[in-house]
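A short worksheet on the structure shown next.
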Amino acid sequence: MRSVLIGLGLVLLLLAAVPVALLATGTIDVSSLRMILNVATGLTGPAADRGTVARHLQVPPGFSVQLYAADLPRARFLRVTAAGDLLVSRPHAGDIVLLRRDADGDGAPDARETLLEGLRRPLGLDLADGWLYIAESNRIGRIAFDAARGTTSGSYQPFIEGLTDNGNHWSKTLRVGPDGDLYLAQGSTCNVCAEDDPRRATLMRFPAAGDPAAGAPAAGAPAAGAPAAGVPAAGGDGEVIATGLRNAVGFDWAPWDGALYATDNGRDLLGDDFPPCELNHITAGGFYGWPYFNGDNVPDPDMGADPEAATRSPTPPAFAFRAHNAPLGITFLRPLGRLPEDYRRSALVALHGSWNRSSPDGYKVVSLHWTEQGIVERDFLRGFLRDDGEISGRPVDVAQGPDGAIYVSDDYAGAIYRVSYGEAAPAGATAALAPPPQSAASPPGWLADADLEAMAAAGATLYAAHQCAECHDVGASPKRLDPLAARRDYGAVLAALEAPQPPMPALPLTLQERRALAVYVVHRATPP
């Protein structure tokens, strides 16, 4: 009951923050309401499927994207193990899920297991020295973890306790740094206010996570029942290294110079286009403005002068995202596998998207490139926000596997996507299509402005999903579709789909899906 009341309270608070421009219409559209409920309660949206991915999601040339795992409601933060397994945190489910690596090459995890459950809103997680560290909303815990086998041993034990999780931004993000210390980000309790707990809206550092005095656990050995000697058990024992970070959900270190960068979500209720969300270059002792300054050190209209102005000055962001785009997870790409040269000094950032903006914005993964001209932003994975305003997904975190593949979590569709570069499509993924035949009839009018490649890819997914190959490509007497391709006869395919003759089944397809399937049939040179 307590969680229900808290959820209802958050809904009311978020509805109170809806922009006047939305309320002026007298209604809140369904997409906006879904976003509000997603923020407040973790409500999920429509489930992802391979057809949706093929039709809508887009990546830069040379990259490919596939649906790696579905039916993972509220999937949030990710960590890839040395063996290639994927760990997924789900705060609203209170568990950590392990997805076994795709050893059989079918484009999906080989197994799905609940590694830990009964946790208090876990978000951040990391691996170091034989331990799996987990950031619950009120503490940090750890358990011995064998990466080679993907198994835990011993008991889950507290590592840092006494953290507060009241207010708006209860989630905690942790990473083990290059120095072996544990870094912890905690968001603010409010939109804009002076905090009572000096650890909120900060980035903290705690002594070496591996605790050299105690030694790391051996592979498969049971963990100790209590924190090792010398490791802090109270949340107040860490060191605050950066302040003024309203909600720095994601952070990572640039591999070329070791610089630490953190995303930060700007405050609400100052209009659609201000303040920007931020990428901050974190230095020890830095003050990053909130709640007294926004963006490029613009004074906040609700807070007045900074009472500590005599001893600190705000540091402007290293890069500004568009307002309300909500940057969350950030991962600097390592030179693993094959990557284009211009991604060698880059990071990927998940933009969760706006919930309180008159026109939705964000809902994609962007790449940031460190160039001689400064940091440049480009779209990397987009298509979750459609032209008709519908929203199919909200990226949360980005992780890179040991083979260089990139994984993206989506807590709205409950999905994980896999992006790779220069890689042959795995079994079950959309295959590359041959060029269209050059003879016969002109294409129909509805195809004039269509994205032929995207439609064909979507059609290939439908062809596989409805097992069309069993009748048309294999068996003793398959009913071949080659003549339709030779004639470029879109009409015949559409007619058969709209009024199928036995033994062809009636498929539950929309007009757009029937057209996509027709494009695929016409454009494939040979059966799969």
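Using a basic spin-label model with each label point 7 Å from the Cα along Cα→Cβ, how many nm lie between residue 237 and residue 376?
Going from the residue 237 label point to the residue 376 one covers 4.8 nm.
Does a label point 7 Å from the Cα of residue 47, set along Cα-to-beta-carbon, have any residues of region 59-98 with amide nitrogen under 16 Å, and which are they?
67-75
Local charge sum around residue 420 (other residues, Cβ-Cβ under 15 Å, Lys/Arg +1, Asp/Glu -1)?
Here the count lands on 0.
In Å³ and rounded to a whole number, note down the convex hull volume per residue for the Cα atoms of region 272-397.
Values: hull volume 17.1 nm³, N = 126.
Dividing the Cα hull volume of region 272-397 by its residues yields 136 Å³.
What FRET efficiency would be calculated for the residue pair residue 297, residue 388, taking the C-beta separation as r and a Förster radius of 41 Å, to the nearest 0.05?
0.60
Cα atoms only: what Rg and Dmax, in Å, come out for region 291-346?
Answer for region 291-346, Rg first and Dmax second: 17.4, 51 Å.
Could you pull out every residue, at least 5 positions away or on a different chain, whose amide H is within less than 5 Å of the one on residue 101? Hs are placed 1.01 Å off N in the peptide plane, and Pro or chain starts have none.
Under 5 Å from the amide H of residue 101: 85, 86, 110.
Rule-based calculations on the coordinates, nothing more; no lab input. As the structure is a computational prediction, the values presented were derived from the model and not from experiment. A quick note on method: Cβ atoms are made from the backbone with ideal geometry, for glycine too, and the neighbour counts reach across all protein chains shown.
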